[in-house]
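The values are calculated or read from the model by the stated rules, or taken from the named source; none is laboratory data. Note that the coordinates shown come from a computational prediction; the quantities given were computed from them, not determined experimentally. Cβ placement follows ideal geometry from the backbone for every residue including glycine, while neighbour counts extend to all protein chains displayed.
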């Protein structure tokens, strides 16, 4: 890619075969972009610019420039001056700008913007468009081809750039265009010349358009135009654009069209026109047009509208799209319809007899006795005589008009209407419809499809064969279907309709209708007026429409929609769906699990039996769940909600429910909840702010009546914000959900769920269950045997009165059992557990816990982590389990187990049982006659006061009996028996000579340079029966008795004097 900048002098600039940007600036420059998608800018001066191959963008700017796009889809802009633009190959965009420009599109489908000045345009080959900018409201001459390779010349109004498009065909003054010379004048244009243009569209004025010897297309929209096709086979196009109904009568030289309620009439003159094309309406919204040709016109062609064509006398060719034909008069006509085409004999002037039509064979004997040919004609409208009309395999519309007609639809879904007379209507195969409406009829009809009989609007009795559907009249009809599926459109009038069997479609009009769907799955719509609609058996869909309707679903799973008006809806048996809309409706679901939705205004909803879903919607509604487990939505407004039997759920989050203080409110401003039997719930989870709500709350109405807002409501679900909710005398469940909630159960065995947030839960009276959920929660059970679970977060749990179960769960929690025999579990986190009064059981579980049994005979288990356990008062059981635990029995005869880890165990007062188990433990018996067991590991045992029983267990243990008469068992390993101060009279029960050692280092037997032998000499070692007694010579207060030991085996090596 190259970027090349010129100077203010004449430059010669050449690009590369890649994407280039070249700026010529001033001077008469020569620029060659070469290949690639280039941007080439001439600037001031008379520039010559060649884009070469690639999709180029070329701007000439000021001066008389020569721009050549070359191959590719190029964008050329001449700017100011008299420029020459050549698009070359490709689909180019060319804009001459100001000045008298010559613009040639070259090959391809080009778009040319002419600008101002007397320009010459040559579209070249391809499908080209020329847009001509006029004055400030850019009137445009747009060359766009609608017909193959032919170009088109149109006139528009629109604004260029960012302004909105305001399209209005034609200029205000006439346009004159001559094909032979290419000259155009009039309107608001300069005198331009158009080349290679075969088609012309006139403006809004009285245009004069003259063709040449070629086959021209002359198109007009508005104005008293004069159009001469000239030699060749010329085509006139009418009505293209934003117009609705169009009437063109060449016999009378008149042209009429309407646009959005405004009608325009013009006198016209057409010469040498061989073909006419009707082209009306938007592409997506066709409208009606009527064409009456002259004897000179050979072909009428309908391009898009719902067109009526009349060929007059002669052998005419009529071709249409969505077209309605009238006969061509005398002569053998050829009629081609294409899609949805009609052929009518309603205005067959001069006819002397009825017609015989066979659409399948394409043959018709008209009212003059002539044989006409029909191609792609689907629909036939007969004469006032007795007609015989037979359809084909398409969906035909056959209308008999007057006379005793015989209409046969054959295959396809046909539409048959007999008109006046005694008619025979045979639908044949397919889903066929009898149309009951008759022009000039004075009464309603009675139709029985099953019996094949119709009494028409004239009192005649018609025969119906193989007819499945009915279109009624605007009078009061009685219409009966068959055992199969029927489609019955009753029309206006007070109608009685029976669908009977089959999946029927029944629809009324503006009258007061009475519909019975019958068996199977029916669709009923009442429309206007006060209708009564019965779905009967089957899964029916019923719409009431406007006014005050009564809808009965009947047996089956029905869908009822009252729509507008004060409606009454009965779902009856089955799982029904019922909707009301505006006005005050009454809705009853009946048996089954129903869905009931109330609309606007004050409605009454009843679920009846079954597990129903009721939604009050807008207004002050009265909602009754009935039997079953119902879900009731209050919606907006002050609703009265009653669950009745079953476990019901009330959901209401559209009102102000801060009902914690005294209130005097009107009935229309209050929601009242009545649960009655079963377990009932009020759900505020979708409420938009925090709640302050008491289930014991009363409201005082303006008439002085005092009522409880909530009666027999067991459960309340709060909002996602910080709620304050308190229960009543029932066993309530209160769910706080998100937010920092305060929940109080009051009386009854309540369940309180805090959810996320830092919640405060108070069980109060009853055996309550409290769950804090995520967040740092504060849970208090109060009276009763309560359960409390803190959940995640640093929680504070207090049981208070009763035998409570407290679980801290995740986080560093604080658990206080208080009165009663409580069960406390810390779980994850470094927890603090306090049993309080009563015989409590406390479990630290994971991490490093601090556990205090307090009063009572407690069971305290540290579990994992380095725990600190204190029994305090009572005969407690303490077990450290894993970790290096610190265990204190304190008061009472305690049983303490160190388990795994290097534990520190203190018995405290009274006669304790201490076990170190695995690890190198330290055991302190302290006061009382304790039993101490080191078990595995190198343990250290201190007996303290009292006659202790001490066993070291495996390992090299250290045993100090302390005061009083102790029994010492070293058991396995090289044990040390220590005697400190006044130990009194202790016994070594399992001395192992040469392994165990007696430690007298605290007795001062060796001093200065004395040796161990000197110290040993100060001892008295005597044999006493089977035992050896060792004492310090002269000390009669303390002694050591070595059970089963021979005194001769005792020497200095058995002592430690240092």
Residue under evaluation residue 554, criteria (1) assigned to a loop (DSSP other than H, G, I, E, B); (2) free of Cβ contacts under 8 Å to residues at least 24 places away in the same chain; (3) buried (at least 24 other Cβ atoms within 10 Å of the Cβ), criterion not met: (2)
Qualifying positions in the range 954-963 - in contact (Cβ under 8 Å) with a residue 24 or more places away in the chain and closer than 13 Å to residue 1039 by Cα: 961, 962
Count of the range 856-885 residues which are under 16 Å from residue 915 (Cβ atoms) and surrounded by fewer than 24 Cβ atoms within 10 Å (Cβ to Cβ): 9
Residues of the range 945-977 satisfying the condition of being over 20 Å from residue 1002 (Cβ atoms) and in a strand (DSSP E or B): 949, 951, 967, 969
The range 1030-1054 residues that are at negative phi, paired with ones that are modelled with pLDDT of 95 or more and exposed (fewer than 14 other Cβ atoms within 10 Å of the Cβ) (beta carbon under 6 Å, 6 or more apart): 1031/1020; 1033/1020; 1047/1023; 1049/993; 1052/1013
Which listed residue is within 34 Å of the chain's Cα centre (by Cα), modelled with pLDDT of 95 or more and more than 14 Å from residue 472 (Cα to Cα), from 536, 520, 527: 520
Count of residues meeting criterion [surrounded by fewer than 22 Cβ atoms within 10 Å (Cβ to Cβ) and touching a strand residue (DSSP E or B) at 6+ places or on another chain (Cβ under 9 Å)] in the range 716-725: 2
Residue 105 being within 22 Å of residue 36 (Cα to Cα) and within 53 Å of the chain's Cα centre (by Cα): yes
Enumerated strands (runs of 3 or more DSSP E) restricted to the range 1-96, each holding at least 3 residues that are more than 21 Å from residue 110 (Cβ to Cβ): 2-5, 12-14, 20-23, 30-32
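If the requirement is being in a loop (DSSP other than H, G, I, E, B), touching a helix residue (DSSP H, G or I) at 6+ places or on another chain (Cβ under 9 Å) and surrounded by 15 or more Cβ atoms within 10 Å (Cβ to Cβ), which of these qualifies: 980, 1029?
Working: 1029 fails: in a loop (DSSP other than H, G, I, E, B).
Result of the check over 980, 1029: 980.
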Complete set of residues in the range 586-618 that are under 24 Å from residue 527 (Cβ atoms) and modelled with pLDDT of 90 or more: 586, 587, 588, 596, 597
Residue 713, sole failed condition from (1) farther than 23 Å from residue 688 by Cβ; (2) in contact with a strand residue (DSSP E or B) (Cβ under 8 Å, 6 or more places away or on another chain); (3) at pLDDT below 95: (1)
Filter result for residue 700 (touching a strand residue (DSSP E or B) at 6+ places or on another chain (Cβ under 8 Å), modelled with pLDDT under 80 and surrounded by fewer than 14 Cβ atoms within 10 Å (Cβ to Cβ)): yes
Residues (surrounded by fewer than 16 Cβ atoms within 10 Å (Cβ to Cβ) and either assigned to a helix (DSSP H, G or I) or in contact with a helix residue (DSSP H, G or I) (Cβ under 8 Å, 6 or more places away or on another chain) (or both)) located in the range 983-996: 993, 994
Members of the range 703-714 that are closer than 23 Å to residue 645 by Cα and either free of Cβ contacts under 8 Å to residues at least 40 places away in the same chain or surrounded by fewer than 23 Cβ atoms within 10 Å (Cβ to Cβ) (or both): 707, 708, 709, 710, 711, 712, 714
Residue check for residue 637: without any contact (Cβ under 8 Å) to a residue 40 or more places away in the chain and either in contact with a helix residue (DSSP H, G or I) (Cβ under 9 Å, 6 or more places away or on another chain) or at positive phi (or both): yes
Meets criteria (at pLDDT 95 or above, within 19 Å of residue 468 (Cβ to Cβ), in contact with a strand residue (DSSP E or B) (Cβ under 8 Å, 6 or more places away or on another chain) and surrounded by fewer than 22 Cβ atoms within 10 Å (Cβ to Cβ)) for residue 424: yes
